[in-house]
Every structure is written in structure tokens, then in C-alpha cells.
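The values are calculated or read from the model by the stated rules, or taken from the named source; none is laboratory data. Bear in mind that the values here come from a model prediction, so they are computed numbers and not experimental data. All Cβ positions, glycine included, derive from the backbone under ideal geometry; neighbour counts span all protein chains shown.
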Amino acid sequence: MSLECAGHLLDLSRPRVMGILNVTPDSFSDGGRSATLDAALRNAEQMLADGAAMIDVGGESTRPGATPVSTEEELERVCPVVERLVSELGALVSIDTSNPQVMRETARLGAGMINDVRALNRDGALEAAADSGLPVCLMHMRGEPDTMQQDTHYAQSIEQEVRTFLAARIAACEAAGIARERLLLDPGFGFGKSLQDNLRLYHRMAQLHEFNLPLLIGTSRKSMIGNALGRAVEDRLAGNLALTALAVRDGARLFRVHDVAPTVDAVDMAWAVLQEGTIR
Ligand SMILES: Nc1nc2[nH]c(S[C@@H](C(=O)O)c3ccccc3)nc2c(=O)[nH]1
């Protein structure tokens with residue numbers, strides 16, 4: 001199970017870690033883009049040294065209530081970072097965007113994967129992803145970040161809602177000429193889901209293997225952990241390591257996290273048990 005990512009071969013025969021690199025102004029306390037850019041590169045370098053297989057670059061804060069960022073602003077935030085990650089660090093970079101123009105431009109700059117929390121639902125996104133030739137992660141979200149937490153009631157079970165949604169998006173991708181083998185799936189923890197929904201969905205994630213596609217899990221520092229444990233955002237690492245070990249056993253292959261080094265250990269330890277052998 002490997003993915004061809006712009007010259008990188010991402011081997012998903014075993015679980016891997018994706019480091020989060022937010023380049024939104026609200027993710028930096030300091031001023032100025034150059035400080036931001038240098039800080040971002042140093043952060044990425046450390047995550048790669050800590051064992052991250054790839055870096056996920058996001059320029060649009062999907063925080064509920066965040067003002068939508070213009071295409072121009074998103075491009076200004078992510079392009080310099082993607083360009084330098086690829087050219088200076090030789091990194092495998094995924095772009096966390098729903099914007100087709102950002103997909104096209106970052107693919108041209110050497111991004112190796114598209115990570116879209118809106119599962120290519122925006123106008124032009126399917127075509128941009130198809131043209132890029134890159135692997136695409138399709139994530140389940142109900143509604144939009146602004147509204148997703150207002151109505152978290154589902155007509156059917158959460159797991160059925162997610163399976164139905166992802167099946168439809170896979171079909172849309174195939175119809176747009178995106179080969180199934182280029183796809184990854186993500187249940188979208190925290191996107192329009194209550195704590196109960198998230199826990200129930202997490203417990204049933206193995207059901208998604210029916211699609212026979214790699215699963216990406218993104219629970220790092222999320223309110224699912226905060227609500228379950230009563231922990232502030234800076235105190236959610238232990239909770240996420242527990243979640244990560246469970247998902248390794250359930251066959252997930254890519255973990256999108258802020259804390260790379262401890263997560264690499266959790267993934268490698270859980271994988272050693274499942275393989276009954278050491279893996280590094
Ligand atoms: N594939 C994939 N991409 C992702 N991008 C994000 S942004 C999220 C966060 O907390 O990082 C977030 C949500 C709301 C506000 C700010 C940040 N979450 C995922 C995920 O769960 N899966």
C-alpha cells in the first residue's frame with residue numbers, strides 16, 4: 001500500500017505520522033511573515049527530524065467563526081512555505097486546503113498530496129485535484145466550519161452518515177478521473193460531531209476498511225479529547241497518544257498531529273505489538 005506523491009513514494013504498509021504546520025496568523029503570536037516563514041521552516045525541520053513522514057501545511061483556519069480567508073491571502077501564506085519545504089528540505093508536503101487555485105499552485109510548487117476537509121466539494125476542486133495527479137484525502141464534515149457545531153444531530157447513525165458521505169465523494173472523484181488508488185479517507189473527528197458521535201465513530205473506524213483505502217486520523221489537541229478528559233488544548237497529548245494506539249490496532253495508516261516525536265513512539269510501539277517484532 002504505497003502512494004505516489006510528486007516524486008515521493010509514501011509507504012503506507014505501516015502507520016506513518018503527518019506533522020501539522022499551521023501558517024495562519026492566528027497560529028503565530030509574533031508579527032510579520034518573514035518571522036513566520038523562518039519559524040515555520042524550523043518547525044517543519046524539527047518534525048521531519050522527529051520522524052514525520054510528511055508535513056501538512058494549512059493556510060485557512062477552519063476555526064468556527066473564523067473570517068473566510070481570500071484566495072490571495074491563502075496563497076500568500078502557503079506558497080512561500082510549500083516552495084521552501086520542497087526545495088530546501090526535500091519534504092513531502094500535503095496542502096490542507098479546499099481552494100482549487102491553492103491546490104493548483106501548491107501542486108506546481110511541489111506539494112505531494114491534497115488534504116481537503118471539504119472532500120473536494122468546492123466548485124473547481126475535483127478538476128484541480130484531477131489535474132494535479134496527486135493523492136487526495138477526503139474528509140467527512142457536515143455543513144461548514146461556521147455552522148458545523150450548531151446541528152450535530154444525524155438522521156442516521158454517525159458511522160452510516162460518514163460511510164454514505166465518503167462513498168459519494170469517492171464516486172465523484174472516480175467520475176472526475178481521480179483514480180481510486182489515489183484516495184485516502186478521514187472520518188473528520190471534531191467536524192460537526194458531538195463528543196458521543198466522535199467516540200462512537202472512533203470505536204467503529206474499522207468499518208471504513210470496506211472501501212479498502214488508507215485511513216487518515218486527525219484528533220490531535222481536539223475538543224473530543226478536551227471534553228472527554230476535561231483537559232485544556234495544551235494538555236491533550238496523552239489523550240491523543242491513547243487514541244493513536246487504538247487506531248493503529250484498527251488499521252489506520254496516517255496520523256495528523258502537532259506532537260510528532262511522542263506520536264512516532266506511540267505508533268512504533270503499537271505497531272511492534274501488532275507485528276510481534278521491532279520496526280526501527
Ligand atoms: N485530514 C484532516 N485534515 C484536517 N485539518 C484539520 S484543521 C483542525 C485541527 O484541529 O487541526 C481545526 C478545526 C477547527 C479549527 C481549527 C483547526 N483537522 C483535520 C482532520 O481531522 N483531518
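Is it fair to say T164 is of a type in the set (V, I, T), out of contact with any Ser or Thr (no Cβ under 7 Å at 6 or more places or on another chain) and within 15 Å of the ligand (Cβ to nearest atom)?
Values: of a type in the set (V, I, T): yes; out of contact with any Ser or Thr (no Cβ under 7 Å at 6 or more places or on another chain): yes; within 15 Å of the ligand (Cβ to nearest atom): no.
No; evaluated as a whole, the condition is false for this residue.
Scanning the range 245-280 for residues that are more than 13 Å from the ligand (Cβ to nearest atom) and of a type in the set (V, I, T), which turns out nearest to L21 (Cα to Cα)? Show your work before the answer.
Going through the range 245-280, the residues more than 13 Å from the ligand (Cβ to nearest atom) turn out to be 245-246, 248-251, 260-280.
Narrowing the set further to residues that are of a type in the set (V, I, T) leaves 248, 260, 263-264, 267, 273, 278-279.
On the way: V248: 23, V260: 11, T263: 15, V264: 17, V267: 20, V273: 30, T278: 29, I279: 27 Å.
The selected residue is V260.
Can you spot a residue in the range 78-88 that is over 22 Å from R42 (Cα atoms) and either more than 17 Å from the chain's Cα centre (by Cα) or polar (S, T, N, Q) (or both)? Please lay out each step first, then the result.
Just the residues of the range 78-88 that are over 22 Å from R42 (Cα atoms), to begin with: none.
No, because not a single residue in the range 78-88 is over 22 Å from R42 (Cα atoms) and either more than 17 Å from the chain's Cα centre (by Cα) or polar (S, T, N, Q) (or both).
Could you list, in sequence order, the residues of the range 152-174 that are touching a residue at least 40 places away in the same chain (Cβ under 8 Å) and charged (D, E, K, R)? Spell out how you get there, then give the answer.
Going through the range 152-174, the residues touching a residue at least 40 places away in the same chain (Cβ under 8 Å) turn out to be 152, 154, 157-159, 162-163, 165-167, 169-170, 172-173.
Those that are touching a residue at least 40 places away in the same chain (Cβ under 8 Å) and charged (D, E, K, R): E159, R163, R169.
Exactly one condition in (1) part of a loop (DSSP other than H, G, I, E, B); (2) modelled with pLDDT of 95 or more; (3) among the β-branched types (V, I, T) is not met by T147; state its number.
Among (1) part of a loop (DSSP other than H, G, I, E, B); (2) modelled with pLDDT of 95 or more; (3) among the β-branched types (V, I, T), the lone unmet condition for T147 is (2).
For the range 242-269, how many residues meet the condition of being within 21 Å of the chain's Cα centre (by Cα) and in a helix (DSSP H, G or I)?
Taking the range 242-269 first, the residues within 21 Å of the chain's Cα centre (by Cα) are 242-268.
Next, only the ones that are in a helix (DSSP H, G or I) stay: 242-249, 260-268.
Number of matching residues: 17.
Being at pLDDT 95 or above and not in a strand (DSSP E or B) is the filter; apply it to the range 1-16 and report the residue that is farthest from I217 (Cα to Cα).
S13
With touching a residue at least 12 places away in the same chain (Cβ under 8 Å) and either within 15 Å of the ligand (Cβ to nearest atom) or charged (D, E, K, R) (or both) as the only criterion, which of G110, G192, G124, G177 stands out?
G192
Looking at the range 116-145, which of its residues are of a type in the set (D, E), under 13 Å from S98 (Cβ atoms) and surrounded by fewer than 19 Cβ atoms within 10 Å (Cβ to Cβ)? Outline the logic, then answer.
We begin by selecting, within the range 116-145, every residue of a type in the set (D, E); these are 116, 123, 127, 131, 144.
Among the residues that remain, those that are also under 13 Å from S98 (Cβ atoms) are: 116, 123, 144.
D123, E144 - these are the residues of the range 116-145 that are of a type in the set (D, E), under 13 Å from S98 (Cβ atoms) and surrounded by fewer than 19 Cβ atoms within 10 Å (Cβ to Cβ).
Residues checked against (1) in contact with a Gly (Cβ under 6 Å, 6 or more places away or on another chain); (2) closer than 24 Å to L92 by Cβ; (3) polar (S, T, N, Q):
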{"site": "E181", "(1), (2), (3)": "no, yes, no"}
{"site": "K193", "(1), (2), (3)": "no, no, no"}
{"site": "Q196", "(1), (2), (3)": "no, no, yes"}
{"site": "L201", "(1), (2), (3)": "no, no, no"}
{"site": "R204", "(1), (2), (3)": "no, no, no"}
{"site": "N212", "(1), (2), (3)": "no, yes, yes"}
{"site": "A238", "(1), (2), (3)": "no, no, no"}
{"site": "V248", "(1), (2), (3)": "no, yes, no"}
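Tell me, yes or no, whether the range 221-228 has at least one residue that is under 24 Å from L92 (Cα atoms), touching a residue at least 12 places away in the same chain (Cβ under 8 Å) and touching a helix residue (DSSP H, G or I) at 6+ places or on another chain (Cβ under 9 Å). Full working, then the answer.
Of the range 221-228, the ones under 24 Å from L92 (Cα atoms) are 221.
If we keep only those that are touching a residue at least 12 places away in the same chain (Cβ under 8 Å) too, we end up with 221.
If we keep only those that are touching a helix residue (DSSP H, G or I) at 6+ places or on another chain (Cβ under 9 Å) as well, we get 221.
Checked against the condition, which is being under 24 Å from L92 (Cα atoms), touching a residue at least 12 places away in the same chain (Cβ under 8 Å) and touching a helix residue (DSSP H, G or I) at 6+ places or on another chain (Cβ under 9 Å), the range 221-228 yields at least one hit.
Please give the number of the condition M224 fails out of (1) outside any loop (DSSP other than H, G, I, E, B); (2) under 19 Å from L254 (Cβ atoms); (3) more than 12 Å from the ligand (Cβ to nearest atom).
Just one mismatch for M224, condition (3).
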